[in-house]
1. Give the long-range amide H neighbours of Val35: residues separated by 5 or more places, or on another chain, with amide H under 5 Å away, using H modelled in the peptide plane at 1.01 Å from N.
2. Run through the DSSP bridge list for region 40-122 and note the antiparallel percent, rounded to the nearest 5.
3. Can you send over the carbon and sulfur percentage of the accessible area for region 30-148, probe radius 1.4 Å, protein chains only?
Amino acid sequence: MAQYIKYGIYAVIGIMILSSIFGDDSDNGTTTEEVALPTQGLITVVQEMEQDQFKISDEITIPDTSESLIVANYLDSTSDTFTLAEARLAEAGDGSTRSRSIVRAASAGLFGYMIGRSMMSHRPRPGAYTDPKTHQRVSNSAGNKMNQTAARSTRTRPTSGKSGYGGGKSTRSYGG
C-alpha cells in the first residue's frame with residue numbers, strides 16, 4: 001500500500017512538472033486589451049467663456065478623420081480654426097498659451113480621440129461642455145456614432161510594472 005502512495009505522489013509531481021513546462025502559461029507578463037480607433041472625423045466648436053477659458057459648445061462627426069477641426073469662438077465675436085495637425089502641435093507644447101487652452105478644452109471632449117486619447121478609457125467630462133444639455137446631446141449623437149463606427153482590434157502589451165519588450169541587457173556586440 002505504501003508503495004502505491006509513493007508512486008501516486010511521484011505521478012502527481014511529474015504531472016505538475018510537465019504541465020509547468022508544456023502547459024498554457026496565461027501569466028506570461030502580458031495583457032491583451034481591446035483598442036478602438038475613430039474612423040470618422042470630428043468638428044469641435046469651443047466657446048470662450050472668460051478670457052482664455054473655453055468650453056465645448058458642439059461636436060459634429062465628419063467622414064474623414066484627417067479633416068478634423070477645432071473652431072474657436074472668442075468673446076470679441078471673432079473665431080479661429082485649428083486643423084488636426086495644428087491641434088497636435090499645440091498639445092505637444094508648441095503655440096501660444098491661448099491655442100494650448102483651446103486644444104486642452106477640446107481634448108476634454110470627443111476631440112481627445114483625434115489626438116490619441118483612448119476611446120476605451122477616456123470619457124468626455126460633462127464639465128467640459130457649456131452646459132449639461134450640450135454634453136448629453138453630443139454624447140447621444142456624435143459620441144454614439146463615433147463609438148459605433150470605431151475600428152476595434154486587440155493588442156498585447158506588457159503588464160504593468162514592465163517597461164516593455166527588450167528591456168534587458170544584451171551581450172551581443174556589433175562592430176569590430
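The values are calculated or read from the model by the stated rules, or taken from the named source; none is laboratory data. Keep in mind that what you see is a predicted model, and the values were worked out from it rather than measured. In case anyone asks, the SASA skips ligands and DNA or RNA and just uses the protein heavy atoms, side chains included. Shrake-Rupley method; radii C 1.70, N 1.55, O 1.52, S 1.80 Å.
1. The list, which skips near neighbours in sequence, is Ser153, Thr154, Arg155.
2. 75
3. Carbon and sulfur together cover 49 percent of it.
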